[in-house]
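What follows is one structure encoded as structure tokens, with my remarks underneath.
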Amino acid sequence: MEFTAKARYMRISPQKARLVLDMIKGRRVEDAMNMLAFTNKRIAPAVGKLLRSAIENATYLSNEKGMDVDVDRLFVKQAIANEGPRMKRIRPAPMGRAYRYQRRIAHIEIVLAEKLTMAKAAEGGAPAPPAAKKKMPAKKVVARKAPAKKATAKKK
């Protein structure tokens, strides 16, 4: 089961948000929260708040819908920062001209999933692993011939 939380129209460029999101991708929720608490980036508190929202979504579903969700086994499956609409702005320039620039906006999404234990996987909670692929034999490396030497010019 996956649990999501989205924050839209965040006033930060998606590139800067991805720096923080890449740090928490694939980590346990507890480790991700600790990492965000000590990250010295402007977007880190907002991502921490979004992560807490995703955790609350998981606990709500476990309480209200009767699902068996263990919050201690949750991990960050996906953390995405997509581009939102850009705000076009004008900056005064010399001689009455104007320079245009753009303020970027990000849409951030965090997806949590529960890591399955070996007991749950044996019960059939996890899909069967994909069939093993056949290995192709390695290609032989053929040595190339050295280029021919240039003919020396005749002396007169």
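Do you know which of the residues in region 6-22 that are buried (at least 18 other Cβ atoms within 10 Å of the Cβ) and under 14 Å from the mean Cα position of the chain (by Cα) is nearest to Thr59 (Cα to Cα)?
Leu21
Going by the structure shown, is Ala5 outside any helix (DSSP H, G or I), closer than 30 Å to Leu116 by Cβ, at pLDDT 95 or above and not basic (Lys, Arg)?
Numbers: outside any helix (DSSP H, G or I): yes; closer than 30 Å to Leu116 by Cβ: yes; at pLDDT 95 or above: yes; not basic (Lys, Arg): yes.
So Ala5 fits the description; yes.
Wholly within region 13-100, which helices (runs of 4 or more DSSP H) include no fewer than the required count, namely at least 1 residues that are more than 18 Å from Glu2 (Cα to Cα) and acidic (Asp, Glu)?
14-24, 29-37
Scanning region 42-68 for residues that are in contact (Cβ under 8 Å) with a residue 24 or more places away in the chain and of a type in the set (Val, Ile, Thr), which turns out surrounded by the fewest Cβ atoms within 10 Å (Cβ to Cβ)?
Only one residue tops the list, namely Ile55.
Taking the condition modelled with pLDDT under 95, loosely packed, with under 12 Cβ neighbours inside 10 Å and among the hydroxyl-bearing types (Ser, Thr, Tyr), does Thr117 pass?
Working: modelled with pLDDT under 95: yes; loosely packed, with under 12 Cβ neighbours inside 10 Å: no; among the hydroxyl-bearing types (Ser, Thr, Tyr): yes.
No; evaluated as a whole, the condition is false for this residue.
With the requirement that a residue be under 19 Å from Asp70 (Cβ atoms) and surrounded by 15 or more Cβ atoms within 10 Å (Cβ to Cβ), what does region 23-41 give you?
Arg27, Arg28, Val29, Ala32, Met33
The values are calculated or read from the model by the stated rules, or taken from the named source; none is laboratory data. Nothing here was measured: the structure is a model prediction, and the numbers come from that model. For neighbour counting, all protein chains shown are included, and Cβ atoms are generated from backbone atoms with ideal geometry for every residue, glycine included.
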